[in-house]
Amino acid sequence: MLVMGVLARVGLFSVVLLLILAVFLTSSLTLALSTCVVREVNMYLLAVGGSRGSYRGVATLLKAGLIPGDGTIYLSIDPLSELDMQSSLKIASLIASFITGFDLSNYSVLVRIQSNTPIVGGPSAGAALTTALIALFSNSTLNESVVVTGMIMPDTLVGPVGGIPEKLEAAASVGAKMMVIPAGQRISVSLKTGSQVDVVKAGESLGVVVVEASTIYDILKYFGVSVSLPENPNVSLGTEVLNAFKSVADGYRSEYDSLYFNVSNDFSSYSSFLRGAGVSNDVARFLNYSRTSALRGEEAYVSRNYYAAASDYFGALIYVWTAKFVIDMVVRDRSWADILGFVGEEVSNASEYFNSLVSRVRSENMGVSSLSVLVELAGRVYESSAYLSRLSSVRTPTINNVYEAAYTYMRARSVYGWGTLYQVLESPDLSVDTSSLRAGTEVLLSFSRASVTYLQSLMGSSVDISELTNYLDVAESLLSRGGLNNTLVSLNLALKASSYASIKTHLSFEVNTSLLVSRLSSAARQYVGLAESLGVKPVVSLVYLERGLSLVGVDDGSAAYFLDQAILNSMWYLILSRSRIPLNLTEVPSSTPEPGWGLRGYETTWYYVLAVVVVSAVSGALLGYLSGRKSSRV
């Protein structure tokens, strides 16, 4: 009766008009809502579900969409994720926006992961997240027959993961034809059986080709995304930088020759006295160490590798100063307090010098090259101050304490050499906004913390993470205090912790250390070349590259660390200079619709509800209007 009444009041023509208008509005609104998603990417993540003794591989669905926005990253996981997923997603977005050159500041990213596992851990999904976002930002199509597992480190290296045999089975279950794994993990341990598995051979039986990747660029190649690094770049330090390090090396060489001569004479003259005190062997050992380091430094000097030469002579001086302090304490009754006073004066002078350099930074933007050197200076000042503070509580020093005092003294003195380099580079190249500097440091710290935690979860008590944890605790504390000085120290510690975590993780799984160093050497050259091609003189990266190469075959563990630092510094400062840091990551509860999801492959019910509500409201208004006009005529 109500409908008939309405028809009688407004007439058939008005109702038909309303129906046409309703259909038009519904279609238009649905189309407008669907076009909110600029583009989207779907791919599988590989995870491990179950519990001890019943582990199984699980393929989970990752859906990523891009909409107009403000740089916010929306993350929805069913079930909810651990914090390391958020850290991985932040790093993935930074790396993806940098590699593609995509400005995320005017867009938001929608990431949804539907998982059958109780909890989705982030680090092992990092490589897949980064790949998906690179495809999303570059509007590239991914090869759907390819899947990947691996951490993504802040330097874009692919980090090792567990459960690869189980993940291989999951890959086969969704029809994957190729599975990309971290380099060096062909032989992996099955979580189910505890036995070692050759996953390449296992893949053959399942119809899956298993390939290894060292960097995100390797992964992209297998997915059919065309992004590459410079091939065989010719990278070198400029003349001014070479001269600066040559000057440092010259000073250390001269000091070493003189000091070694005097200390050696003292050792010969007071040998019986030193034997009676029980320190003769220690002094002899330090003198031998110093000689070995000096000879290596001389080889580097002759080869014009001046930073490596300065570093080796720096090490030689630490050893010979240690020998001198021991002789002085035993033979000349020099007190421990006097030695600490001598060291403390040098630390104080270095700190004042560093503060004077920072006080000259007036702009909100800082050149990348000069910033990277300031960060190195900040780390040296902090480290020498921290060592001195710890040594000040020592009442009866050991030989190791005396060595630490010598190290602290030389570490403080190294500030001046790097300060000379800073003054050479003080003119800006690419710049970094100071607010981005702080935000970027927060992201790096967040990921470094997750990486350290993940390392411990993989290795248990077999790896000591206390030093890394301390770095991160101090870095977070300093960053919370504010100020440029504290931010510089915090970034230095974050970079250091990240590299240590990366290398410790790699070395924990890598069977062939020399192969790891070889891959790092190649990647470091490419990343330094990339930085140069983008307008930055990556001085810190270049000196770390030089130092790392000089240690290959001598100390591969240290070589790996320095090479990783070369990669990390190249990438991170470029990311800071070219990206607005997207820190606003919102995790959406699985029961809540994600904001802005498009219509293809996502939840769409709420769009239709909204459309119906809008159309109903408009129809009601028109109906009321027409009814009112009809009544007024009567």
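The values are calculated or read from the model by the stated rules, or taken from the named source; none is laboratory data. Just so it is clear, the model here is predicted, and its values are computed rather than measured. Glycine gets a Cβ as well: all are built from the backbone with ideal geometry, and neighbour counts include every protein chain shown. Areas reflect the complete protein model, heavy atoms only, side chains present, ligands, DNA and RNA absent. Shrake-Rupley method; radii C 1.70, N 1.55, O 1.52, S 1.80 Å.
Listed values, structure above:
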quantity: Subset of segment 163-182 (residues that are assigned to a loop (DSSP other than H, G, I, E, B) and surrounded by fewer than 22 Cβ atoms within 10 Å (Cβ to Cβ)); calculated: VAL174, GLY175, LYS177
quantity: Among residues of segment 196-210, those that are without any contact (Cβ under 8 Å) to a residue 40 or more places away in the chain and outside any helix (DSSP H, G or I), counted; calculated: 5
quantity: Odd one out for THR72 among (1) crowded, with 21+ Cβ neighbours inside 10 Å; (2) at pLDDT below 90; calculated: (1)
quantity: Segment 479-492: number of residues that are open to solvent by less than 20 Å² (accessible area, probe 1.4 Å) and either over 16 Å from SER541 (Cα atoms) or free of Cβ contacts under 8 Å to residues at least 40 places away in the same chain (or both); calculated: 5
quantity: Selected residue (only one of SER311, SER264 is within 18 Å of ASP555 (Cα to Cα), assigned to a helix (DSSP H, G or I), open to solvent by less than 70 Å² (accessible area, probe 1.4 Å) and of a type in the set (S, T, N, Q)); calculated: SER311
quantity: Flag for THR396 being modelled with pLDDT under 95 and over 27 Å from TRP572 (Cβ atoms); calculated: yes
quantity: Segment 493-510, residues that are surrounded by fewer than 20 Cβ atoms within 10 Å (Cβ to Cβ) and without any contact (Cβ under 8 Å) to a residue 60 or more places away in the chain; calculated: LEU507
quantity: Out of ALA59, ALA128, sole residue that is closer than 26 Å to LEU455 by Cα, in a helix (DSSP H, G or I), of a type outside the set (D, E, K, R) and at pLDDT 85 or above; calculated: ALA128
quantity: Unique match (being farther than 30 Å from ILE91 by Cβ, open to solvent by 50 Å² or more (accessible area, probe 1.4 Å), part of a helix (DSSP H, G or I) and touching a residue at least 40 places away in the same chain (Cβ under 8 Å)) among TYR409, TYR416, TYR382, TYR387; calculated: TYR416
quantity: Failed item, numbered, when THR322 is tested on (1) assigned to a helix (DSSP H, G or I); (2) farther than 18 Å from ASN265 by Cα; (3) among the β-branched types (Val, Ile, Thr); calculated: (2)
quantity: ASP282 surrounded by 21 or more Cβ atoms within 10 Å (Cβ to Cβ) and more than 22 Å from SER392 (Cα to Cα); calculated: no
quantity: Residue selected from segment 434-478 under the condition farther than 30 Å from GLY163 by Cβ and modelled with pLDDT under 80, by the criterion most open to solvent (accessible area, probe 1.4 Å); calculated: SER435
quantity: Scope segment 279-290; condition under 15 Å from PHE325 (Cα atoms) and either without any contact (Cβ under 8 Å) to a residue 24 or more places away in the chain or assigned to a helix (DSSP H, G or I) (or both); matching residues; calculated: SER280, ASN281, ASP282, VAL283, ALA284, ARG285, PHE286, LEU287, SER290
quantity: Subset of segment 147-162 [in contact with a Ser or Thr (Cβ under 7 Å, 6 or more places away or on another chain) and either open to solvent by 10 Å² or more (accessible area, probe 1.4 Å) or aliphatic (A, V, I, L, M) (or both)]; calculated: VAL148, MET151, ILE152, MET153, LEU157, VAL158, VAL161
quantity: Hits in segment 218-251 (condition: open to solvent by 20 Å² or more (accessible area, probe 1.4 Å), part of a helix (DSSP H, G or I) and within 22 Å of ALA566 (Cβ to Cβ)); calculated: ASP218, THR239, GLU240, LEU242, ASN243, LYS246, VAL248
quantity: Residue that is surrounded by the most Cβ atoms within 10 Å (Cβ to Cβ) [pool: residues in segment 511-538 that are over 20 Å from the mean Cα position of the chain (by Cα) and assigned to a loop (DSSP other than H, G, I, E, B)]; calculated: LYS537
